[in-house]
Amino acid sequence: MKLFIFLFFIVKIIFSMQHCHSQSKLLVLKDKDRILKTWTEGSDINFRLINFNDVNARIDKINDSSIEIRRFELRDFYNSYGLDRTDTFWYGKDTYLFSEILSIPKPKLKSALFRSGLFFQALGIAAVSLNLINSLIQNSFQTYDGIFIASGVLVWGIGKVLKSTYKTTYTLGKRYKFETL
C-alpha cells in the first residue's frame, strides 16, 4: 500500500510539472533609464496608434519588437429587469509593432485639476464675470474694478499656460521607449 501511495505521488508530481509555464516576457515603458510601467502576458493595456485610433486590449504574447493582443470593448446595457449591466465584447487577435504605437495614457492624478490649469481658468473667468456684473448692476466703474478684472485675466492666462504644458500621455519616441525583458 505504501508503494502504491508513493507511486501515486510521483506520477502526480510528474503530471503537474507538465502544466508549469516558464516566466513570460515583460513589456516595460521606460523614461530614459527609469521604469514607468510594466505589462505581462494577460494584463490589460491601453494605447493610441499612429493613425490616432485608441486601443483597449489584453496582451496575448510579447515578442521582441511587437505585441499580440485581443481587443475588447466594455458595453453598458439594461437587462430584462431594467438593471444596468456591463458586458465585455471581444474582437479578434491583432499584432502591433512598437513603432505603430504613438502614445500611452498617463495614470490619473488627484492634482490633475490644478496641474491641467482648468481650476485657474475657471477661477479667472469667474473673477472677471463677477466684477463686470457688479459694475453693471451698480452703474459705476471704478479704478479698483479694473485691477480686479486684470487680475482675473492674469489668473486665466496662468491657467492657459498650465493647460498648454500639461500632457496626459507618454508619447513614444526619443524620451519614452518600450523594452522587452
message: With viscosity set to 1.567 mPa s at 4 °C, what whole-number translational diffusion coefficient in µm²/s follows for region 25-69 from Stokes-Einstein and a Kirkwood radius over Cα pairs?
response: 114
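List the trypsin sites (Lys or Arg not before Pro) within region 126-178 that fall in a DSSP loop (any state other than H, G, I, E or B) and whose Cβ has at most 16 other Cβ atoms within 10 Å.
Taking region 126-178 and a limit of 16 other Cβ atoms within 10 Å, the loop trypsin sites (Lys or Arg not before Pro) found are Lys167, Lys174, Arg175.
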message: List the residues, sorted by chain then number, that are 5 or more residues from Lys37 or on another chain and whose placed amide H is less than 5 Å from its amide H.
response: Leu29
task: Classify region 1-108 as rounded, prolate or oblate from the Cα gyration tensor: take a ≥ b ≥ c as the square roots of its eigenvalues, call it rounded if a/c is under 1.5, otherwise prolate when a/b beats b/c and oblate if not.
output: oblate
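Give me the net charge of Asp94's neighbourhood, meaning all other residues with Cβ under 14 Å from the Cβ of Asp94; Lys, Arg count +1, Asp, Glu -1.
So the surrounding residues net to 0.
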- prompt: Which whole-angstrom value gives the distance between the alpha carbon centres of region 71-122 and region 44-61?
  reply: 11
query: With N residues in region 69-133, what two-decimal value do you get for its Cα radius of gyration over 2.2 N^0.38 Å?
result: 1.99
message: Only sites in a loop by DSSP and with at most 11 other Cβ atoms within 10 Å count here; which trypsin sites (Lys or Arg not before Pro) in region 56-132 make the cut?
response: Lys108, Lys110
query: Of the cross-linked pairs Lys93/Lys163; Lys106/Lys174; Lys12/Lys93; Lys61/Lys163; Lys61/Lys110, which ones have a Cα-Cα span greater than 28 Å in the structure shown?
result: Lys93/Lys163; Lys12/Lys93; Lys61/Lys163; Lys61/Lys110
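Using only alpha carbon pairs under 8 Å that are at least six residues apart, calculate the relative contact order of region 3-103 and give it in whole percent.
19
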- prompt: Under the definition of Cα pairs under 8 Å and six or more residues apart, what whole-number percent is the relative contact order of region 117-165?
  reply: 62
- line: Rg/Rh of the chain (Cα atoms, Kirkwood Rh), to two decimals, equals 1.27
task: For Phe72, list long-range residues whose amide hydrogen, built 1.01 Å from N in the peptide plane, is under 5 Å from its own amide hydrogen.
output: Asn56, Ala57, Arg58, Tyr91
message: What is the angle, in °, between the Cα long axis of helix 143-165 and the longest principal axis of the Cα atoms in the chain? Nearest 10 is fine, range 0 to 90.
response: 20
- request: Would you mind ranking Trp90, Trp39 so that the residue whose beta carbon has the fewest other beta carbons within 10 Å leads the list?
  value: Trp90, Trp39
query: Hull surface divided by four, with the convex hull built on the Cα atoms of region 117-165: how many nm²?
result: 2.8
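Taken together, the values in this text are just the output of simple stated rules run on the coordinates, not laboratory data. As the structure is a prediction and not an experimental result, all values here were calculated from the model. Don't worry about glycine lacking a Cβ; one is built from the backbone with ideal geometry, like all the others, and counts go over all protein chains shown.
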